[in-house]
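The values are calculated or read from the model by the stated rules, or taken from the named source; none is laboratory data. If you're wondering where the values come from, they're calculated on a predicted model, not measured in any experiment. Virtual Cβ from ideal backbone geometry, glycine too; neighbours counted across all protein chains shown.
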Amino acid sequence: MNLDPVQVMKGQSNPKDPTAAPVTASSNGDGKGAWEEKEEFDQGHLGLTTKPLLVSCQRRARKVEGGIFFPKPENAVTIAVSSRVLFRTETEQKVYEQKGVEEYLRYQVEHENEPFAPGPAFSFVKALEAVNARLRELYPESEELFDIVLVTYNHAHVGVRLINTINHHNLFIERFCMTGGSSPIGYLKAWQTNLYLSADAEKVREALSEGIAAATMFMSNKLTEVSQTQLRVAFDGDAVLFSDESERIFKAQGLDGFFQHERDNEDILLDRGPLKDFLASLGKLQKKFYAKGHRLDCPIRTYLVTARSAASSGIRALKTLRAWGLETDEALFLAGAPKGPMLEKIRPHIYFDDQMFHVEGAAEMGTVAAHVPYGIAQKHPHKKSLNTGK
Amino acid sequence: MDSMVRNPDVKQRDAAQAVVVAVSSDAIFTPEVEQVHGATEPLRKGDAFSFMKAIQVVNERLLTLNSDETLLFDVILLSNDSEEKHSRIIASAKHYGLDIGRFCFCNKEDSIESLQSNNVKLFLSTDTNDVCKALQKGVPAALLYHQTDPHHQTEDQLKVVFSGDVIGSSEEMLHGLREQGFTETQLQGFKTAKGSVKEFAILMGEMRRRFGLEGSPLCTGLMTAWSSRDVCASALKTLRGWGLLVDEAFCLAGAPRSPILNLVRPHIICLDGLYHMEGFTAMS
């Protein structure tokens, strides 16, 4: 299988390495993979022959003047973002809501040369790109990178403005789907999306039900400064990394019931939650840095920020992670204390929580928080007056 | 030489005003493995049958808006079949109620000439080789996309996807392609694609504007398969300059096309004319 990534043509004469996987002439039915390779890499296929040219697989230099390559979706950690979380589009949203879609599109085209301001996912995306830069330095041949795809149900009329904005902010986003009103969910699968971020809770719920890690993001006015060189991702435990099993017990039987249940089941692993695989993919990339001696200054850092208590209910969480072969760099057991101040100290580029109460609390203190609308907490939202510990 | 037969069941279009497209009969009716002499039952539906139905929907909607509309699709069915099959093809078209204006029966060698002499705006085939060969000979052509699951292809909306690589390309890019080893024949295909897309895009733009943003029976899209986002932006602006504001846009930067195309489900894809792609029709 040819793993050579594809050179994206920027209108310059980039020498493309003619590599081609051998393809049998009768590739029918399941010819998808074979055909795709042939199309992308068979630059040396000359003329009308029916047999493809078998060219030696030379690995070419990755850093070509002005050219960046883009990985195959199945090899990369694909992050799909909607236009509303990558950029700020509140004004345009208002036009849409008040004056309808035609006026909205006209407005967008009129303001085409005015770039949007950064949205809630912007600093996260910038941090992903910083990690990519480091990965490319250490592993120039590898396709195991972050791949950011813009997936929006905007009409293509907004395309030019979005591309202008991407150029203005110097983002490395070359892939996008503008579905013109159709649901973007299918495209998430087509891109083998590992994480989907959107402002639309409905879409996020739909993605979650299709087994895709997803979270809703909101614009907040207060934003603390985050690192430019180290990607920091923080996760809540229950109903994010783990299932909502314990939350159900807590809601049904109260705090004591919860503690008892956790003690009784300490050695039984928790079930997986919607963001478990995303943590795993971060861990995989971290290991690539460790392998090259960058354990202490790894540009990816992960945090578990949970209301569980270290001495009791937290143990089950740690055992579960360990059994999954996963770990977070730091595990913070708050025993019910508010998460905001702790997050403010950590300064993650993104924090995932299943409860809006915590998401809002984090945002109040300037942390970019994303809501994972999963599990029992969606049916019984946390009341602000209750500040109970787990 | 060809034999052009008018379809008596279909109202003839004003060919000068219509969007004349030629469709290979193998795309509409499944080619038979064994020729049974004297068979009379209708031919089986081919890979691009839903395309015909979608065209019909567009024509019907256009006529509903304006019964004197002349900007309609005018379909010529191009057949290289043996003479004994001619009447069966005509009968099958009647059986399915297909909106085919004319049948053109000719030898394979004469096909190109027939296309050129009949003011055909676009030759459509499910065979990429045929499409690329036509482009390389200077005939505007596009691919009828074949889905392995025919039940999922839309029949109530015609979807046309243009190539951002072609439309947004620059002279520099052409030079770059030459340096990468593409033959002049292949580049000719690219140039034809680029030269002929404008006329077709203008017509599609005009047709698209007959309908509103939502509920249109015609849906247009742009796909940039291997070029950068700037090429895509350039293509969007160029199309806009030609009067076509596409509904959907996709920029793949080299990612596999099939998963995306399976969702877009276009009927017509304008290719870049560079490759003779094996197994394209088997793309699932």
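Tabulated results
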| quantity | calculated |
| --- | --- |
| From the options B:SER79, B:SER92, residue that is touching a Cys at 6+ places or on another chain (Cβ under 9 Å), within 20 Å of B:VAL33 (Cα to Cα) and at pLDDT 90 or above | B:SER79 |
| Elements of type helices (runs of 4 or more DSSP H) contained in the range A:63-136, each with 2 or more residues being within 11 Å of chain B (Cβ to nearest Cβ) | A:101-110 |
| Matching residues in the range A:297-335 - criterion: being small (Gly, Ala, Ser) and either surrounded by fewer than 21 Cβ atoms within 10 Å (Cβ to Cβ) or closer than 23 Å to A:LEU135 by Cβ (or both) | A:SER309, A:ALA310, A:ALA311, A:SER312, A:ALA323, A:GLY325, A:ALA331, A:ALA335 |
| Verdict on A:ASN167 being more than 20 Å from the chain's Cα centre (by Cα) and not in a loop (DSSP other than H, G, I, E, B) | yes |
| In the range A:181-209, the residues that are surrounded by fewer than 18 Cβ atoms within 10 Å (Cβ to Cβ) and either under 22 Å from A:GLU144 (Cβ atoms) or more than 10 Å from every other protein chain (Cβ to nearest Cβ) (or both) | A:LYS189, A:ASP200, A:ALA201, A:GLU202, A:ARG205, A:SER209 |
| Residue match in the range A:210-231 (condition: without any contact (Cβ under 8 Å) to a residue 60 or more places away in the chain and buried (at least 16 other Cβ atoms within 10 Å of the Cβ)) | yes |
| Members of the range A:140-169 found to be without any contact (Cβ under 8 Å) to a residue 12 or more places away in the chain and out of contact with any helix residue (DSSP H, G or I) (no Cβ under 9 Å at 6 or more places or on another chain), listed by number | none |
| Matching residues, the range B:226-260, being at the interface with chain A (Cβ under 8 Å from one of its Cβ atoms), within 22 Å of B:PHE51 (Cβ to Cβ) and assigned to a loop (DSSP other than H, G, I, E, B) | B:VAL246, B:ASP247 |
| Tally of residues being within 18 Å of the chain's Cα centre (by Cα), among the polar types (S, T, N, Q) and farther than 22 Å from A:GLU266 by Cα across the range A:321-380 | 1 |
| Search result, residues across the range B:159-174 that are more than 17 Å from the chain's Cα centre (by Cα) and not small (Gly, Ala, Ser) | B:ASP165, B:GLU171, B:GLU172, B:MET173, B:LEU174 |
| From B:MET207, B:MET223, residue being in a helix (DSSP H, G or I), more than 8 Å from chain A (Cβ to nearest Cβ) and surrounded by 20 or more Cβ atoms within 10 Å (Cβ to Cβ) | B:MET207 |
| Matching entry among B:SER67, B:SER79 (being among the polar types (S, T, N, Q) and touching a residue at least 12 places away in the same chain (Cβ under 8 Å)) | B:SER79 |
| Qualifying residue in the range B:171-188 (condition: within 7 Å of another protein chain (Cβ to nearest Cβ), closer than 28 Å to A:HIS168 by Cα and charged (D, E, K, R)) | yes |
| Per-region count, the range A:236-295, residues over 27 Å from the mean Cα position of the chain (by Cα) and β-branched (Val, Ile, Thr) | 2 |
| Sole exception among (1) in contact with a Gly (Cβ under 7 Å, 6 or more places away or on another chain); (2) at pLDDT below 95; (3) within 7 Å of another protein chain (Cβ to nearest Cβ) for A:MET178, by number | (2) |
